[in-house]
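Participant: Okay, handing you the structure first.
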Amino acid sequence: MDAYRKEERMLTEASEERRRERRMPSAAQRSAAIRRGMNRAQSDTRRRKGVVFAGAGAAILAAGALLLGYGGGSEESPMPQEPTKQIRAEDMLKLDQTLEPFYKLVSRNDPTLSGAMQRKAVMAANIVDERDGFALAVRGMVRDSRSVSLFYTLKSPNGDRLSLADPELLNAADGGQATFDDYSRPSEEFDVFEQAQYGVITLPLLPKYGESERFTLKARAVSGRSDADDRSLQTFEVPLTLASTASEEEQLVFEQPKMFEVGGRKFAIDRVLITPLQIYLSVDEEKGESFSWLVNPRLVVTNGGQEQPLTKSALWLYPGWQQNERYDLVYANVSGTGHPDSLKLSAQGVAKAPEAGSVLVVDTDKSEVLKAPDEGYAINWAPNESGSRNLTVTYPISSTEWKEGQYLFLDFSFKDGSGKEHPIQLNQNGGVSESMSNGDGTAYTLVRLEKSDYPQPLTFKVKEAPGWTEDEQEIKLK
C-alpha cells in the first residue's frame, strides 16, 4: 500500500472522528456526574469547573500526522467495536488536580496521554505569555524523543473562545525548527466559567532534536468559533524546558530484520524504539510489506512477570531516525517503562488486496452498479453545495474491517463510457474520497465529480476494498 493510500485512510478516519465528536453528549454533563459521585463518596468540597464541549480528539492533516486509536465512541457508535472508554472516578483520583480539567480531552481516544496523566508522568507547569489581554499558559508537559505534548489554556480579553494555530517548537540553542510542519489538531474545550479554552496538542520532533531540552513554543491565537476565519488575533512565544528521556528509552536495532509472516505476507521488522510514552515498531519496506496490511496487530509487553497486552494506537508517518521514509506501528506504553523484559507482536490476519484489474463500474443515469468488488454495492448520484456532483457508494462491511481501515478506496481518476479519463475532485482535506460507517453493517465512500453529462457507464479503478484473511501469528521481538 503506497504512502498516498495511508494518508487517504487517515483522512477518512479523521473525518469519522469529527462526526463522532459532533454527536458526543455534553462534556459538562459527563464530568459533572462523575464529580458529583466523587464528592458524595469523599465529602469533597473542592469547587468543580464547568465546561461546555467544543470538540475533542485529534483530526489528521493530509501529509501525515499522528493517527490516534480506533476506539472511542458516542451515543451512536459508527460500528460495533470495543466498548467506549468512560471517565471513571478511580481514574480521576489518580490525577494531579491542576491537570484534571485536561483529562476529558484525552481519556476517550488517546491512551498515551491518558495513561501518562494517570501515572503522573505529565509535569505540571504554569508558564504564561500574556500580550494585550491575550494569554497562553502552558499548564503541563510530557515528552519522549519523538514528540512533545503540551497542556495549555488560552484566554482573550473579552472572554471569547480562542483556538491555538500553527504551533511549532524552536530549539533554544540554535533557533532551528524542532518539529515537523504536520501535527495533530489540538483537542480543545471551552470552560464557560473561567472563559478559557483548555487544550492539548502533540508536536512530533525532528530526529536531530530528539534529545534537546530547551525550546521556544511559537503559536497564534485565532477565534475558536466554527464560523470564524483564520485571522491571527495574537502571537505567542513561550520558553519551555523539558528533560530528555534518552536514559529512559531503549532502541533495538536488528542486524537482520525479524521476518513476521501473516497470511502469506512478510513483514521485515528492523527496529523497535521503547520510550516511557510509546513503543514504535519499524519495518523495512524494501524487504517486506507495510504494517498497514496487518489486521489487529497486538503487542504484549512483559515486565516483572506481568503481561500487558496493547492494541495499535497509531501509524507514525514521520521520517525515522535515519531520515528515511518509514511508517512505524505505534503503541501507547501504558506501563511507562522504557526497558521491559520482553516484547511479542501478534496479528489476527492481513487485509486482502483487490484482484488485479478490480473496478467499480456504475451507470449514474440509472443509479445502477454494473460491476463491483463484491455483492451488495449500491450508489447514489446527487448534486452538492459547490455545484459539482457527489457519487456515494454504499457497501457491506464488518466491524473488524472498519476498525482496521478496510474500506473502499478509488483511484485519482475515472473513465467515462467513451474511454475519456477525468480527474476526481479533491475534497477540503486534500483527499479524493471520504468514507464513513453507517452503523448498520454498511459503510459509504463519497467522491466528488464535476457536473457533466458523462457518457455511461463510468469506470473507477479499485485500490482497496473491504476484506481480510484470518491467520493468527506471533513473533518474539525481545
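Throughout, read-outs are computed from the coordinates displayed, never taken from laboratory work. The model shown is predicted, which means the values in this text are computed figures rather than measured ones. No Cβ is skipped: glycine too gets one built from the backbone with ideal geometry, and neighbour counts run over all protein chains shown.
Participant: For a footprinting-style exposure proxy, rank MET259, MET123, MET117 by other Cβ within 10 Å, fewest first.
Facilitator: Values: MET259 12, MET123 17, MET117 27.
Least crowded to most crowded, the residues run MET259, MET123, MET117.
Participant: So how much slack lies between ASP160 and SER367, counting 0.36 nm per residue of separation and subtracting their Cα-Cα distance, in nm? Could the numbers behind the result be given before it?
Facilitator: Values: separation 207, 0.36 × 207 = 74.52 nm, distance 4.75 nm.
Stretched out fully, the ASP160 to SER367 stretch lengthens by 69.8 nm.
Participant: If I histogram all Cα-Cα distances within segment 248-351 using bins 5 Å wide from 0, what percent of pairs lands in each bin?
Facilitator: With 5 Å bins starting at 0, P(r) equals 3, 13, 25, 27, 20, 11, 3, 0.
Participant: A follow-up question, please. In square nanometres, what is the average projected area of the Cα convex hull of segment 148-243?
Facilitator: Numbers: hull surface 25.7 nm².
The Cα convex hull of segment 148-243, projected and averaged over all directions, gives 6.4 nm².
Participant: Of ARG146, ARG448, how do they rank once you tally other Cβ atoms within 10 Å and put the fewest first?
Facilitator: Ranked by crowding around the Cβ, least crowded first: ARG448, ARG146.
Participant: For TYR318, which sequence-distant residues (separation of 5 or more, or a different chain) have an amide H within less than 5 Å of its own amide H, given hydrogens modelled in the peptide plane?
Facilitator: Excluding prolines and chain starts, which carry no amide H, the hits are ASP328.
Participant: Also, I was wondering about something else. Here is the link list: LYS266/LYS312; LYS287/LYS461; LYS287/LYS352. Which ones come out longer than 24 Å on Cα distance?
Facilitator: Working: LYS266/LYS312 19 Å; LYS287/LYS461 27 Å; LYS287/LYS352 19 Å.
In this structure, LYS287/LYS461 lie more than 24 Å apart at Cα.
Participant: Provide the gained length on full extension for the span SER247 to ASP471, in nm with one decimal, where the gain is 0.36 nm per separating residue minus the Cα-Cα distance. Can you show the working numbers first?
Facilitator: Numbers: separation 224, 0.36 × 224 = 80.64 nm, distance 3.78 nm.
Going from the current span to full extension adds 76.9 nm.
Participant: Same structure, new question: Between ARG298 and ASN384, what is the label-to-label distance in nm when each label sits 7 Å out along the Cα-to-Cβ direction?
Facilitator: Between ARG298 and ASN384, the simple spin-label model gives 3.9 nm.
Participant: So what is the diffusion coefficient of segment 142-187 in µm² per second by Stokes-Einstein at 10 °C and 1.306 mPa s, using a Kirkwood Rh over Cα pairs?
Facilitator: Numbers: Rh = 12.8 Å.
The diffusion coefficient I find is 124 µm²/s.
Participant: Now for a separate question. How do GLU464, GLU289 line up, fewest other C-beta atoms within 10 Å first? Show your work: numbers first, answer last.
Facilitator: Numbers: GLU464 22, GLU289 18.
By the 10 Å Cβ count, ascending, the order reads GLU289, GLU464.
Participant: To continue, here is another question. So what's segment 95-184 giving for Cα Rg divided by 2.2 N^0.38 Å, two decimals? Mind dumping the intermediate values first?
Facilitator: Values: Rg = 14.2 Å, N = 90, 2.2 N^0.38 = 12.2 Å.
Working it through for segment 95-184, the quotient is 1.17.
Participant: Going by amide H atoms built from the backbone, whose H comes under 5 Å of the H on ARG185, apart from near neighbours?
Facilitator: Under 5 Å from the amide H of ARG185: ALA59, LEU61.
Participant: How large are Rg and Dmax for segment 197-311 when only the alpha carbon atoms are used, in Å?
Facilitator: Computed over the Cα atoms of segment 197-311, radius of gyration and Dmax are 20.1, 55 Å.
Participant: Could I ask something else about it? At 7 Å along the Cα-to-beta-carbon direction for both LYS266 and GLN177, put a label point, then send me their distance in nm to one decimal.
Facilitator: For LYS266 paired with GLN177, the spin-label model returns 3.9 nm.
Participant: Let me ask you something else. Translational diffusion coefficient of segment 330-478 at 25 °C, 0.890 mPa s, Stokes-Einstein with Kirkwood Rh over Cα pairs, in µm²/s as a whole number.
Facilitator: Working: Rh = 17.5 Å.
Estimated via Stokes-Einstein, D reaches 141 µm²/s.
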